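Remarks on the structure that follows.
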Amino acid sequence: MITRGEQMLALRRARLAASPAILRGGFRPFFFLGACWAVIALALWMLAYSGNLVLPSALEPLIWHRHEMLFGFVGAVIAGFLLTAIPNWTGRLPIAGWPLAGLAGLWAAARLSVLFSARTGLAAAAIIDVGFYFVLAGLAAREVLAAKNRNLPPVILVFLMGIANAADHAGVAKLLPDADAGIRAALSIVVMLISVIGGRIIPSFTANWMKKQGIKLRLPTQPTRYDLGVLIATGAGLLAWTFVPNARWVGALLMAVSGAQLLRVSRWSGLSCAKDPLVFILHLGYFWVPTGLFLLGASIVDADIPRSAAIHAITAGAMSTMILAVMTRAILGHTGRELAAKPTTVLIYVLITLAALLRVATPFGFLNYPTGMVLAAFVWAAAFVVFLATYGPILFRPSLGSPSPS
């Protein structure tokens, strides 16, 4: 007698085989859509910033920009990463076919509903937008719990991202006394996701590369008690910043956490793998985490440190660099291609690093502010255009073979 579990397995296997390539893994539609939205949303924001476009959103242009960068662009990448990582964690077949298309469609509907919320209404936009995160968290939790797997923390962070999204909508509707609490919460969650996931994959990928090169000194290890302590301290500092963002003791705490994070990344032997862009970019992306935390703490303690520089060290620096680092590596590995950075991939990394440096330097007065913003935005968008030109076609093609080992 065939059990229900066997029936579901057979159904998933058949659905996976019958699906077009773009729907055979979560990374395929969501990495593509996320990169497209990164370029589109930034272009719309720059047109609105320059006065050449009136957005049809109920959100003010700056609020719409930060909302879509965090909950739209980053949300798509989180979905792609999580739906791709879960089969590795659980041994279950990936969500594919029409269920994956439906989830991607829900994300797209959320983007359109927020963009056109001046016509459709804030309530409808909030329900669809927040609903995407809850549906994603529910699907992910089902997979992890069914396999009795221990990787629930990233799923919980996705659920909390939905709560932060709801708080941001509530802030826009003036239902919260602090309208920026949702955005601060989302930024904090993104930093925690980078800290948790980066702390697993960066030392692992680095150690694997070093072993292949015959380098045996200072091999990075898997997370230790020190790493757990750093995660707890980082979470505490960011939680405090979410609720009391201007307290000087919070600034001091964030600066202390920055030092702990800097020591953490220094233990992963990043300079040893400088010859491999696919590995080294992960270290460079993570390095922006302590940089951003230090600048954020310093901006609270010292009024001469621009808060905008700190926020963009986290977003244009850590967030964007890690996203491109993970997407490029994941696409190569999960489509059976060689884990090697071609010249266009190196160009992507150079562009995103230059964009982050420009965006962080501009508030300090190194560049005229409007000029610096436009230049940083152009270079940042260029990184994703090159990504789409290089990796977009791969996402629509069948895999060449089994996933490449890391």
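The values are calculated or read from the model by the stated rules, or taken from the named source; none is laboratory data. None of these values were measured; they are calculated from a predicted model. We place every Cβ from the backbone using ideal geometry, glycine too, and count neighbours over all the protein chains shown. To get the accessible areas, we keep the full protein, side chains included, count just its heavy atoms, and leave off ligands, DNA and RNA. Shrake-Rupley method; radii C 1.70, N 1.55, O 1.52, S 1.80 Å.
Summary of computed values
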read-out: Any hit, the stretch 207-226, residues being in a helix (DSSP H, G or I) and farther than 24 Å from PRO277 by Cβ; value: yes
read-out: Subset of the stretch 102-146 [closer than 16 Å to TRP64 by Cα and basic (Lys, Arg)]; value: ARG111, ARG119
read-out: For PRO370: the one exception among (1) open to solvent by 10 Å² or more (accessible area, probe 1.4 Å); (2) over 24 Å from GLY26 (Cβ atoms); (3) in contact with a Leu (Cβ under 8 Å, 6 or more places away or on another chain); value: (3)
read-out: Check on VAL279, at pLDDT 95 or above, under 26 Å from PHE384 (Cβ atoms) and either buried (at least 19 other Cβ atoms within 10 Å of the Cβ) or aromatic (Phe, Trp, Tyr) (or both); value: yes
read-out: Close pairs (9 angstrom Cβ cut-off, 6 or more residues apart or separate chains): closer than 18 Å to ALA382 by Cα in the stretch 345-367, in a loop (DSSP other than H, G, I, E, B) and small (Gly, Ala, Ser) anywhere; value: ILE348/ALA341; TYR349/ALA341
read-out: Every residue from the stretch 353-381 that is under 13 Å from HIS312 (Cα atoms) and of a type in the set (S, T, N, Q); value: THR353, THR362
read-out: GLY333 being in contact (Cβ under 8 Å) with a residue 12 or more places away in the chain, under 22 Å from SER258 (Cα atoms) and either open to solvent by less than 20 Å² (accessible area, probe 1.4 Å) or not in a helix (DSSP H, G or I) (or both); value: no
read-out: Criterion: open to solvent by less than 50 Å² (accessible area, probe 1.4 Å), closer than 26 Å to ALA179 by Cα and either within 16 Å of the chain's Cα centre (by Cα) or modelled with pLDDT under 95 (or both) - qualifying residue of LEU53, LEU93, LEU70, LEU44; value: LEU70
read-out: Some residue of the stretch 231-242 being touching a helix residue (DSSP H, G or I) at 6+ places or on another chain (Cβ under 9 Å), under 20 Å from ALA85 (Cβ atoms) and open to solvent by 10 Å² or more (accessible area, probe 1.4 Å); value: yes
read-out: Breaking point among (1) over 19 Å from SER299 (Cβ atoms); (2) in a helix (DSSP H, G or I), for GLY251; value: (1)
read-out: Every residue from the stretch 21-41 that is under 14 Å from the mean Cα position of the chain (by Cα) and either among the aromatic types (Phe, Trp, Tyr) or at pLDDT below 95 (or both); value: PHE27, PHE30, PHE31, PHE32, TRP37
read-out: Subset of the stretch 153-189 [touching a Leu at 6+ places or on another chain (Cβ under 8 Å) and either assigned to a loop (DSSP other than H, G, I, E, B) or among the polar types (S, T, N, Q) (or both)]; value: ALA173, SER188
read-out: Flag if LEU112 is out of contact with any Gly (no Cβ under 7 Å at 6 or more places or on another chain) and assigned to a loop (DSSP other than H, G, I, E, B); value: no
read-out: Some residue of the stretch 284-291 being out of contact with any Cys (no Cβ under 7 Å at 6 or more places or on another chain), β-branched (Val, Ile, Thr), farther than 14 Å from PRO220 by Cα and open to solvent by 10 Å² or more (accessible area, probe 1.4 Å); value: yes
read-out: Filter result (aliphatic (A, V, I, L, M) and either open to solvent by 40 Å² or more (accessible area, probe 1.4 Å) or farther than 23 Å from GLY72 by Cα (or both)) within the stretch 336-357; value: LEU339, ALA340, ALA341, VAL346, LEU347, VAL350, LEU354, LEU357
read-out: The stretch 20-41, subset in a loop (DSSP other than H, G, I, E, B) and open to solvent by less than 30 Å² (accessible area, probe 1.4 Å), residue farthest from ALA376 (Cα to Cα); value: GLY25
read-out: Test for LEU176: is it under 28 Å from SER117 (Cβ atoms) and out of contact with any strand residue (DSSP E or B) (no Cβ under 9 Å at 6 or more places or on another chain); value: yes
read-out: Where a residue in the stretch 128-143 is over 20 Å from ARG111 (Cα atoms) and open to solvent by 10 Å² or more (accessible area, probe 1.4 Å) and its partner, wherever it lies, is assigned to a helix (DSSP H, G or I) and modelled with pLDDT under 95, with Cβ under 6 Å and at least six apart; value: ALA141/VAL155
